[in-house]
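The values are calculated or read from the model by the stated rules, or taken from the named source; none is laboratory data. Note that the coordinates shown come from a computational prediction; the quantities given were computed from them, not determined experimentally. When we count neighbours, we look across all protein chains shown, and the Cβ atoms used for this are built from the backbone with ideal geometry, even at glycine. Heads up: the accessible areas ignore ligands, DNA and RNA and are worked out on the full protein's heavy atoms, side chains in. Shrake-Rupley method; radii C 1.70, N 1.55, O 1.52, S 1.80 Å.
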Amino acid sequence: MLCMEVPVTDMQHVNGGYFLLQVHSPAQAALVRPGHFFMLGMQHADFSADPLLNRPISVLDCTPDDHTAPAAIHFLIKEAGRGTRLLSRLRAGDNLLCHGPLGTTFPEPSPECRLILVGGGVGIAPLYFCARRWSATHDMALFYGGRSVTDLPLQGLLPQTGLREVILLTEDGSAGRRGLVTEPLPEYLASNPGAKVYSCGPNAMMEAVARITAHVDAQLWVSMENRMGCGLGACLGCVLPVIEGDKTAMVRICKEGPVFRGEQIDWKIRY
Amino acid sequence: MDLSVQIGPLRLKNPVMTASGTFGYGLEFADYLDLNALGAIVVKGLSLQPRPGNAPPRIYETAAGMLNAIGLQNVGVEEFVTTKLPALRQYDTPIIANALGNTIEEYTEVCRVLAHTEGIAAVEINVSCPNVKEGGIHFATEPAQTGRVTEAVRRVMGDMPLIVKLSPNVTHIVPFARACRAAGADAVSLVNTFVGIAIDLDTMRPRLSNLTGGLSGPAIKPLAQRLVWEVCRDVDIPVIGIGGIMNATDALEYMALGAVAVQVGTANFIRPDAARQIVAGMADFCAARGITRLENFIGAFLRRETS
Ligand SMILES: Cc1cc2nc3c(=O)[nH]c(=O)nc-3n(C[C@H](O)[C@H](O)[C@H](O)COP(=O)(O)OP(=O)(O)OC[C@H]3O[C@@H](n4cnc5c(N)ncnc54)[C@H](O)[C@@H]3O)c2cc1C
Ligand SMILES: Cc1cc2nc3c(=O)[nH]c(=O)nc-3n(C[C@H](O)[C@H](O)[C@H](O)COP(=O)(O)O)c2cc1C
Ligand code: FES
C-alpha cells in the first residue's frame, strides 16, 4: 500500500447525490483488485484539520490510460455527510490524498465457477469491479436493488460490464422488478448449485443473503463496513466480532476484511 | 545539524516518537516510512493477559479530533515479546513499551517482563486505568496513587528508563509530575486523551458503545500545551509533549514550551509517514534558523518568558 497525493482526473455527478471520482495513480492502480478500498484524504482545498480522518471508499474500477498498464482508479461515492460532501467538490486537476489499496479482496473465481453478485445502493462499487474483471471469462449474474431508481446510481453503466444477466429490483417499482433484491435469490441459487455469491450493501440485505445461502449449495463472501480511523490496522477502531473456528474475536475490518466469508459474520450484533 | 535529545538516561537520534495506540506494534507502518528515521517507537499498551477491548463502535470523529474507546485491546505482554518484538528489534530505533494494569501487581508483573527483555529501550506506564482494588479510582487521578504505582514499577525495572504517561483529566497537573519525580521516574509524557462524550440526538444513544471516549487530535493541542508548559515551568523532570501534533511546527511549539521530545499520535492515521515528515520539517526549521543543536532550542519560549 502507498499513501500519496495524486491528481484528480475526472468528476461526474450522477443522480441522487452520487458522484464518480477518478484519479490518476499508476503505482497504486497496479496493485488494485476487486474488493480493495482506499482511504481518501480531507485536506485538499485549503489545509484544514476538520474534517480530520480519511474516508474509506471502495474501488469501482481500475482502467488503463492511453498505454496499456492500469493507471486510473475510479470511485463511486454517495454524499453521506461532511467528508463525502467535501470530496464531491473536487475537480479535475485538484490533488487528493489517496492511501491504498487496502484490505482483503474477493477471491479470484476458478474458471468453471458461476459467480452471483448481490448489491444494494452504493454497495454496487466493488461488485461492478468484479463484473468488469471477470465477466468476459465467467458466467456471472448481478442482482442489484434499492428503494427507488435513484438508489441505483450505476444503472446506466451496467451494460458496459459485459454481464450476461442483470436483475434490477426496486422497492417502489420505479426501476426493474418491484421487491427486495433478495426475493428472487432462493430460486435462482437452487437452479445454480455450487455458485459463489459476492455481496455488498446494507447490513440487513447481506444478512438476508446469508440466511438464504445457508440453506443452499452456495458459498458467500460479504464486504463489511465500519467506522475507520487509520485503514491500515493500527488503531483497532474498526473491529467487529468475527467468528473464527469455534471462537468469536474482535477483528479489524480494514485488515482482516472488509471481505469475509458470510458465515464468519455474527449478524445479531447491532452497532 | 544535531537533532538528538536526551530523556533522562535515554539518548534519541531525534525527538520524534510515535504515540502508544496510534502506531500498532510498529511493523504495520514499515511500508510507509523508514522506521529507522524515528526517534523512538512507542507500541500499543500491553497488559499481563490479552484484552479483547470494547464493543463497536469504538471511534467517532468530532471537530478537528476524534473520540476513541478502544478499551486497551492488546495481545498481552508475553505474546508481544515472542511474536512482535523480534521483527521490531531489527531496527536501529529504540522501542518503548507501554504498560498498563488494573492493580499495582499487574503493572509490576508487566514491567518485570519488559525489564528483562532484550530490545526494549524503556517502559512508559499508562496510569489512566482504574485501580480495581481501590474501588476503580484511576491511578491517574490522585498524585499519591500515581506515585505509588510509579514507585512499585521503579523497583522492578532495574536500570531501565521509566516514563510515566499522565492523564490530562485532573485539576492540577503539577503535583502528579512531582509525585512521579519523587518516585524515581526518568520522565513524564503528557498528555493522554481528554475524556469526552458524543451523542446522537435522533436516537438518544451514545456515539460510542462505551459512552465515554478519549479525545485526541488537533482539537486538544492548546489544552495539552498548557499542561506541558505548567510542568516544564515548575517541575525538574524531562517532559515528552503529546497532543494534536500534525506537523513540525506543532512539535516545535511543544519543544519551545520545554518538552525534550514529542509523540505523534492521531496524525499517523491520516498520513502514515507523518512522524517522518515531522523529523524532516524539524531539520528544515533548524537549517532556516541557523540552529546547530536542536537541544539548545528546548524551552526557548520559557526563557523568553522569564527574561
Ligand atoms: C470498506 C469500506 C468501503 C466503503 N466504500 C464506499 C464506497 O465505495 N462509496 C461510498 O459512497 N461509501 C463507501 N463507504 C462508506 C463511506 O466510507 C462513508 O459513507 C463515509 O465515510 C461517510 O463520511 P462523511 O464524512 O460523508 O459522513 P459523516 O457521517 O459526517 O462521517 C463521520 C464519520 O463517520 C464515518 N462513517 C460514517 N459512515 C460510515 C460508514 N458507513 N462506513 C465507514 N465509516 C463511516 C466517517 O468515515 C467519518 O469518520 C465505505 C465504507 C467502508 C468501511
Ligand atoms: C485509537 C487510539 C488508541 C490509543 N491507545 C493508547 C494506549 O493504548 N496507551 C496509551 O498510553 N495511550 C493511548 N492513546 C493515546 C495516545 O497515545 C496520545 O496520548 C493521544 O492520542 C494524544 O495525542 P494525539 O492528539 O497526537 O493523538 C491512544 C490514542 C488513540 C487515538
Ligand atoms: S481502521 Fe484502524 S485498525 Fe482498522
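Would you tally the residues in the range B:27-66 being under 18 Å from B:Thr83 (Cβ atoms) and either of a type in the set (Phe, Trp, Tyr) or more than 9 Å from chain A (Cβ to nearest Cβ) (or both)? Counting residues in the range B:27-66 that are under 18 Å from B:Thr83 (Cβ atoms) and either of a type in the set (Phe, Trp, Tyr) or more than 9 Å from chain A (Cβ to nearest Cβ) (or both) gives 13.
From the list B:Gly265, B:Gly217, B:Gly244, the lone residue that is in contact (Cβ under 8 Å) with a residue 60 or more places away in the chain and within 16 Å of ligand 1 (Cβ to nearest atom) is B:Gly217. Could you tell me which residue of the range A:241-255 is nearest to A:Met39 (Cα to Cα), considering only residues that are within 14 Å of ligand 1 (Cβ to nearest atom) and not in a strand (DSSP E or B)? Selected residue: A:Cys254. A:Gln160: surrounded by fewer than 20 Cβ atoms within 10 Å (Cβ to Cβ) and either within 30 Å of A:Thr137 (Cα to Cα) or aromatic (Phe, Trp, Tyr) (or both), yes or no? So A:Gln160 passes the test. So which residues in the range A:11-22 are part of a strand (DSSP E or B), in contact (Cβ under 8 Å) with a residue 24 or more places away in the chain and either open to solvent by 50 Å² or more (accessible area, probe 1.4 Å) or β-branched (Val, Ile, Thr) (or both), if there are any at all? Selection gives A:His13 alone. Of A:Ala218, A:Ala214, all but one fail to be open to solvent by 50 Å² or more (accessible area, probe 1.4 Å) and small (Gly, Ala, Ser); the exception is A:Ala214. Mind checking which residues of the range A:77-98 are farther than 20 Å from A:Pro202 by Cβ, near ligand 1 (Cβ under 10 Å from one of its atoms), open to solvent by 20 Å² or more (accessible area, probe 1.4 Å) and among the hydrophobic types (A, V, I, L, M, F, W, C)? Across the range A:77-98, the qualifying residue is only A:Leu86. Within the range A:143-157, being closer than 18 Å to A:Asn203 by Cα and buried (at least 17 other Cβ atoms within 10 Å of the Cβ) holds for A:Phe143, A:Tyr144, A:Gly145, A:Gly146, A:Asp151, A:Leu152.
Can you find a residue in the range A:258-268 that is of a type in the set (Lys, Arg), touching a residue at least 24 places away in the same chain (Cβ under 8 Å) and within 14 Å of chain B (Cβ to nearest Cβ)?
Start the filter on the range A:258-268 by keeping residues that are of a type in the set (Lys, Arg), which leaves A:261, A:268.
Retained after the next criterion (residues that are touching a residue at least 24 places away in the same chain (Cβ under 8 Å)): A:261.
If we keep only those that are within 14 Å of chain B (Cβ to nearest Cβ) as well, we get none.
No, there is no match, as no residue in the range A:258-268 is of a type in the set (Lys, Arg), touching a residue at least 24 places away in the same chain (Cβ under 8 Å) and within 14 Å of chain B (Cβ to nearest Cβ).
Of everything in the range A:170-182, what is over 13 Å from A:Ala141 (Cβ atoms) and in contact with a Phe, Trp or Tyr (Cβ under 9 Å, 6 or more places away or on another chain)? Give them in sequence order. Write out each step before concluding.
Filtering the range A:170-182 for residues over 13 Å from A:Ala141 (Cβ atoms) gives A:170-180, A:182.
Once the filter is applied, which keeps residues that are over 13 Å from A:Ala141 (Cβ atoms) and in contact with a Phe, Trp or Tyr (Cβ under 9 Å, 6 or more places away or on another chain), the range A:170-182 yields A:Gly176, A:Thr182.
Tell me, please, whether a residue that is touching a residue at least 60 places away in the same chain (Cβ under 8 Å), open to solvent by less than 20 Å² (accessible area, probe 1.4 Å), touching a helix residue (DSSP H, G or I) at 6+ places or on another chain (Cβ under 8 Å) and within 14 Å of another protein chain (Cβ to nearest Cβ) can be found in the range A:232-239. Among the residues of the range A:232-239, at least one is touching a residue at least 60 places away in the same chain (Cβ under 8 Å), open to solvent by less than 20 Å² (accessible area, probe 1.4 Å), touching a helix residue (DSSP H, G or I) at 6+ places or on another chain (Cβ under 8 Å) and within 14 Å of another protein chain (Cβ to nearest Cβ), which makes the answer yes.
When A:Ala218, A:Ala204 are screened for being away from chain B (no Cβ under 14 Å) and more than 30 Å from B:Met66 (Cα to Cα), only A:Ala218 passes. All of A:Ala49, A:Ala80, A:Ala27 fail the test of being part of a loop (DSSP other than H, G, I, E, B), within 14 Å of chain B (Cβ to nearest Cβ), of a type in the set (Gly, Ala, Ser) and over 21 Å from A:Leu154 (Cβ atoms), apart from A:Ala49.
Got a number for residues in the range B:138-155 being open to solvent by less than 30 Å² (accessible area, probe 1.4 Å) and at pLDDT 95 or above? The total comes to 6.
The single condition from (1) of a type outside the set (S, T, N, Q); (2) more than 13 Å from the chain's Cα centre (by Cα); (3) open to solvent by less than 10 Å² (accessible area, probe 1.4 Å) that A:Asp65 fails is (3).
Restricting the first member to the range B:33-60 and to residues that are away from ligand 2 (no atom under 11 Å from the Cβ), and the second to residues that are aromatic (Phe, Trp, Tyr), the beta-carbon pairs closer than 6 Å and six or more apart or on different chains are B:Leu35/B:Tyr91; B:Asn36/B:Tyr91; B:Pro56/A:Tyr271; B:Pro57/A:Tyr271.
Is it fair to say A:His74 is open to solvent by 30 Å² or more (accessible area, probe 1.4 Å) and part of a strand (DSSP E or B)?
Working: open to solvent by 30 Å² or more (accessible area, probe 1.4 Å): yes; part of a strand (DSSP E or B): yes.
Yes.
Considering the range A:256-270, the residues that are part of a loop (DSSP other than H, G, I, E, B) and within 11 Å of ligand 1 (Cβ to nearest atom) include one that is surrounded by the fewest Cβ atoms within 10 Å (Cβ to Cβ), namely A:Gly257. Which residue is farthest from B:Gly24 (Cα to Cα), if the candidates are limited to the range A:214-240 and must be touching a Ser or Thr at 6+ places or on another chain (Cβ under 9 Å) and in a loop (DSSP other than H, G, I, E, B)? Residue satisfying both the conditions and the ranking: A:Gly229.
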